[in-house]
Amino acid sequence: MRPSPARLRHVGPPAGYSLGRVIKVGVLGARGRVGVEVCKAVHAAEDMELVGAVDKDDPLDALTDAQVVVDFTHPDVVMSNLEWCVGHGIHTVVGTTGFDAARLDTVRGLLAANPGTNALIAPNFGIAAVLMMHFAQQAARYFESVEIVELHHPNKADAPSGTARRTAELVAEARAKAGIGPSPDATTSQLEGARGASVDGVHVHAVRLAGLIAHQEVILGGEGEILTIRHDTMSRSSFMPGVLLGIRRVQDLSGLTVGLDRLLDL
Ligand SMILES: NC(=O)C1=CN([C@@H]2O[C@H](COP(=O)(O)OP(=O)(O)OC[C@H]3O[C@@H](n4cnc5c(N)ncnc54)[C@H](OP(=O)(O)O)[C@@H]3O)[C@@H](O)[C@H]2O)C=CC1
Ligand SMILES: O=C(O)C1=N[C@H](C(=O)O)C[C@H](O)C1
């Protein structure tokens, strides 16, 4: 028998896990591009039951029976969704983007007021995307220059992407730890926006283009050479193994966990 690749070992039910234990799952954003995939994946999982599928203007009460709610909605509504779920003692797995340090602190406060309720918030549930971020963080300390280009479908609400923001934070953290200063840049005259947004000092450029799904390049430059780390999402089904892993694990976490990397052996 062919050995299963490590990525599959990480995403199936853990060894010793009883398939008799069915997790009741609700989905917020159920008619959205990702929400539809989540409903299909939960429905197909033997150890899960889809007990509520809610979209814009549907009553949240439809989620009352859920043990875990998955949220792929919109940065403008995710905080009130979280408030409702945590207030009802329901664990959450959140893919919706738009979380900065202040929002994460608010979530920590909500969870502290409802002990025993946990949340997993991840800017990207794709295993390859998580590895791309991890490799970028590892490489960051060896290069003088770094910039990030993220490329997405034109219906995306936020820019830059949550993944690009998080990658920039991780890269900036690694550079600071290694004592590397800002990337060299002698620009003195520019059209506003030409150099992208600065996230913790790392320049991030956002492309919105018909035909794309979700893609990112981290470009690192040093003496006479360039390293490009690129990730391409070819289908939104790629997020599902990570989402299912989050659903299976969130009940055993403690309070707030940020990033799918925290559930993997990286
Ligand atoms: N972490 C990850 O791996 C990934 C994260 N994302 C993020 O997930 C989010 C959703 O992405 P995507 O599926 O493409 O977006 P969509 O716009 O396709 O889906 C969002 C859905 O949520 C609905 N919605 C809006 N408000 C509410 C509400 N208050 N309650 C319930 N449902 C609501 C929307 O309805 P309507 O259209 O009527 O407004 C829509 O059907 C984004 O923030 C995106 O960046 C996306 C892919 C992967
Ligand atoms: O909106 C999307 O499509 C995606 N959003 C997430 C992000 O903002 O990083 C994840 C992925 O890039 C797809």
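When the range 93-106 is limited to residues that are open to solvent by 30 Å² or more (accessible area, probe 1.4 Å) and part of a helix (DSSP H, G or I), the one that is nearest to Thr64 (Cα to Cα) turns out to be Thr106. From the list His205, His215, the lone residue that is touching an Asp or Glu at 6+ places or on another chain (Cβ under 6 Å), in contact (Cβ under 8 Å) with a residue 12 or more places away in the chain and either within 16 Å of ligand 2 (Cβ to nearest atom) or not in a helix (DSSP H, G or I) (or both) is His215. Just one of the numbered conditions (1) in contact with a Ser or Thr (Cβ under 9 Å, 6 or more places away or on another chain); (2) surrounded by fewer than 16 Cβ atoms within 10 Å (Cβ to Cβ) is not true of Arg175: (2). Looking at the range 131-155 only, could you name the residues that are within 16 Å of His231 (Cα to Cα) and among the acidic types (Asp, Glu)? Across the range 131-155, the qualifying residues are Glu147, Glu150. Residues of the range 230-266 that are surrounded by 20 or more Cβ atoms within 10 Å (Cβ to Cβ) and part of a strand (DSSP E or B): His231, Thr233. Restricting attention to the range 140-170, the residues being open to solvent by less than 10 Å² (accessible area, probe 1.4 Å), part of a helix (DSSP H, G or I) and either more than 30 Å from Gly211 (Cα to Cα) or away from ligand 2 (no atom under 11 Å from the Cβ) (or both) number 2. Looking across the range 89-118, the residues that are away from ligand 1 (no atom under 16 Å from the Cβ) and charged (D, E, K, R) come down to Asp105, Arg108. If you filter the range 48-92 down to residues that are in a loop (DSSP other than H, G, I, E, B) and within 18 Å of Phe125 (Cβ to Cβ), you find that the one that is least open to solvent (accessible area, probe 1.4 Å) is Pro75.
Taking the numbered list (1) aliphatic (A, V, I, L, M); (2) within 15 Å of ligand 1 (Cβ to nearest atom); (3) touching a Lys or Arg at 6+ places or on another chain (Cβ under 6 Å) in turn, Ile121 passes all entries but (3).
The values are calculated or read from the model by the stated rules, or taken from the named source; none is laboratory data. Everything numeric in this text was worked out from a predicted model, so none of it was measured. A quick note on method: Cβ atoms are made from the backbone with ideal geometry, for glycine too, and the neighbour counts reach across all protein chains shown. These accessible areas exclude ligands, DNA and RNA; they are computed on the full protein's heavy atoms, side chains included. Shrake-Rupley method; radii C 1.70, N 1.55, O 1.52, S 1.80 Å.
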